[in-house]
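The values are calculated or read from the model by the stated rules, or taken from the named source; none is laboratory data. This structure is a prediction, so every number in the text was calculated from the model and none was measured. Note that each Cβ is placed from the backbone with ideal geometry, even for glycine, and that neighbours are counted across all protein chains shown. For accessibility, only protein heavy atoms count, side chains too; no ligands or nucleic acids. Shrake-Rupley method; radii C 1.70, N 1.55, O 1.52, S 1.80 Å.
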Amino acid sequence: MVTVQEVLSLAIEIDMIGLAHRVFWAVSEGKVYADDASEKLDEIEYDEQAISDMVERNLLNIGKIKLYAVQTNQPGLFAFYYSEDVLDAYSLHQEMYREKPRRLTNASHLMGKSFDFNETGKSEILYVQRKEVVAFPFYLGHAWAGERRVYRMY
């Protein structure tokens, strides 16, 4: 049985802002309890306006940490950073590698993808890997364009 708490935790973990706030609203209004079966969520009449307001304010602070890709001076090689904003990722890259990024883009669309980490030998979805990080901005590693193997380059 999947619980309401497990649905809420997963929704927060993988930045599903609408679902997370919907479940949070249901729990906070006493419509369901955290240890209830998730199927109970289908039986609730939701206050769409209240949920929409929560999403707009981002009450749960979901999606604040994004994945940024820095195009390095070596063609086809990108450095990846978890950061709340682009300037922190830019600054960390300059500090670590003493090079000005050629281009820096939001790569959050890759968060649901699985990458192989050369350092640990593990394959992980970036959403799952991100929750292990305690301080941001964070250098994730380097990867070649089109590849899903991440290397740490110090």
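Could you list, in sequence order, all residues of the stretch 1-34 that are under 20 Å from Ile65 (Cβ atoms), assigned to a helix (DSSP H, G or I) and free of Cβ contacts under 8 Å to residues at least 60 places away in the same chain? Full working, then the answer.
Of the residues in the stretch 1-34, the ones under 20 Å from Ile65 (Cβ atoms) are 8-21, 24.
Of the ones still in play, those that are also assigned to a helix (DSSP H, G or I) are 8-13, 17-21, 24.
Residues satisfying the conditions are Leu8, Ser9, Leu10, Ala11, Ile12, Ile17, Gly18, Leu19, Ala20, His21, Phe24.
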Take the residues in the stretch 20-75 that are among the small types (Gly, Ala, Ser), touching a strand residue (DSSP E or B) at 6+ places or on another chain (Cβ under 7 Å) and open to solvent by less than 30 Å² (accessible area, probe 1.4 Å), then tell me which one is nearest to Gln94 (Cα to Cα). Ala69
If we keep only residues of the stretch 35-70 that are part of a helix (DSSP H, G or I) and among the β-branched types (Val, Ile, Thr), then the residue farthest from Val128 (Cα to Cα) is Ile51
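Residues in the stretch 95-105: is at least one open to solvent by less than 30 Å² (accessible area, probe 1.4 Å) and either in contact (Cβ under 8 Å) with a residue 40 or more places away in the chain or among the aliphatic types (A, V, I, L, M) (or both)? Give the derivation first.
Step one: filter the stretch 95-105 for residues open to solvent by less than 30 Å² (accessible area, probe 1.4 Å), giving 101.
From the residues that got through so far, the ones that are either in contact (Cβ under 8 Å) with a residue 40 or more places away in the chain or among the aliphatic types (A, V, I, L, M) (or both) too are none.
So far as the stretch 95-105 goes, no, none of its residues is open to solvent by less than 30 Å² (accessible area, probe 1.4 Å) and either in contact (Cβ under 8 Å) with a residue 40 or more places away in the chain or among the aliphatic types (A, V, I, L, M) (or both).
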Residues Leu87, Leu92: which one is surrounded by 14 or more Cβ atoms within 10 Å (Cβ to Cβ) and aliphatic (A, V, I, L, M)? Leu92
Unmet requirement for Asp116, which otherwise passes all of (1) assigned to a strand (DSSP E or B); (2) open to solvent by less than 50 Å² (accessible area, probe 1.4 Å); (3) farther than 11 Å from Leu67 by Cβ: (2)
